[in-house]
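The values are calculated or read from the model by the stated rules, or taken from the named source; none is laboratory data. Note that the structure is predicted; figures quoted are calculated from it, not measured. FYI the Cβ positions are ideal-geometry reconstructions off the backbone, even for glycines, and counts take in every protein chain you see.
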């Protein structure tokens, strides 16, 4: 896989609480230079990222209910409405794990469907973060089924904040659980070219990482050597 092909499936990510406007400007410049799928930024920085990327093929992605997921449906709805109004075209929403683990599946599905409707009305995509590292395989499979039925465009393995990062087993489990039109985003701890390739080969179509530069540099070296 070439560096250009790899860049095209990466959400170039900066979600640190210490991120500054200058950091976001650099992030967007890098994403444009490399041809990334999107930049994933905190909600506060959506207007800045939108201004810097407007007219390009790089989408603005932001997070909803991040990183814990335990906010109310109304709160997530408000976050989503504001984000798409400000220019976000991809929303990465954390599933309400407290509700899910309490057996309140109807509420979880309703919340996802509500946010999906907001995103889709504006032509945006919804990625639902399941936090697979905190779930048993059976729970992850059930959560994936709920999210897919509720209208998620992607299932995302983790936030990268609360548990381990993405694994090949996570991606395979999600890929074999949901219909083909629901895509898989692997995120959390993706640091090497080999790891990225393995996750893509397992069924991921998008990677969320803050190590974009290192991944692309390694990809270029590999292609040059081969």
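I'd like the full set of residues that are closer than 19 Å to residue 197 by Cβ and either loosely packed, with under 15 Cβ neighbours inside 10 Å or in contact with a helix residue (DSSP H, G or I) (Cβ under 6 Å, 6 or more places away or on another chain) (or both), limited to the range 9-20. Across the range 9-20, the qualifying residues are 10, 12.
The residues in the range 154-172 that are more than 16 Å from residue 127 (Cα to Cα) and not in a loop (DSSP other than H, G, I, E, B) can be counted, and the count is 3. When residue 88 is tested against the conditions (1) farther than 20 Å from residue 157 by Cβ; (2) buried (at least 22 other Cβ atoms within 10 Å of the Cβ); (3) over 18 Å from the mean Cα position of the chain (by Cα), the lone failure is (3). Being in contact (Cβ under 8 Å) with a residue 40 or more places away in the chain and assigned to a loop (DSSP other than H, G, I, E, B) is the filter; apply it to the range 64-82 and report the residue that is surrounded by the most Cβ atoms within 10 Å (Cβ to Cβ). My answer is 69. For the range 182-195, the condition holds for at least one residue, the condition being that it is under 13 Å from residue 6 (Cβ atoms), free of Cβ contacts under 8 Å to residues at least 12 places away in the same chain, crowded, with 19+ Cβ neighbours inside 10 Å and more than 15 Å from the chain's Cα centre (by Cα). From the list 148, 116, the one residue that fits, being touching a residue at least 12 places away in the same chain (Cβ under 8 Å), buried (at least 22 other Cβ atoms within 10 Å of the Cβ) and either in a helix (DSSP H, G or I) or in contact with a helix residue (DSSP H, G or I) (Cβ under 8 Å, 6 or more places away or on another chain) (or both), is 116. Residue 181 meets each of the listed conditions (1) under 21 Å from residue 12 (Cα atoms); (2) not in a helix (DSSP H, G or I) apart from (1). What tally of residues in the range 142-170 results from selecting those that are modelled with pLDDT of 95 or more, more than 13 Å from the chain's Cα centre (by Cα) and more than 18 Å from residue 110 (Cα to Cα)? Final tally of qualifying residues: 4.
Okay, residues lined up against (1) part of a strand (DSSP E or B); (2) in contact with a helix residue (DSSP H, G or I) (Cβ under 8 Å, 6 or more places away or on another chain); (3) surrounded by 17 or more Cβ atoms within 10 Å (Cβ to Cβ):
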{"site": "56", "(1), (2), (3)": "no, yes, no"}
{"site": "62", "(1), (2), (3)": "yes, yes, yes"}
{"site": "84", "(1), (2), (3)": "no, yes, yes"}
{"site": "100", "(1), (2), (3)": "no, yes, yes"}
{"site": "120", "(1), (2), (3)": "no, no, no"}
{"site": "144", "(1), (2), (3)": "no, yes, yes"}
{"site": "152", "(1), (2), (3)": "no, yes, yes"}
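Filter the range 31-54 for residues that are out of contact with any strand residue (DSSP E or B) (no Cβ under 7 Å at 6 or more places or on another chain) and in contact (Cβ under 8 Å) with a residue 40 or more places away in the chain; which is surrounded by the fewest Cβ atoms within 10 Å (Cβ to Cβ)? Of everything passing the filter in the range 31-54, 47 is surrounded by the fewest Cβ atoms within 10 Å (Cβ to Cβ).
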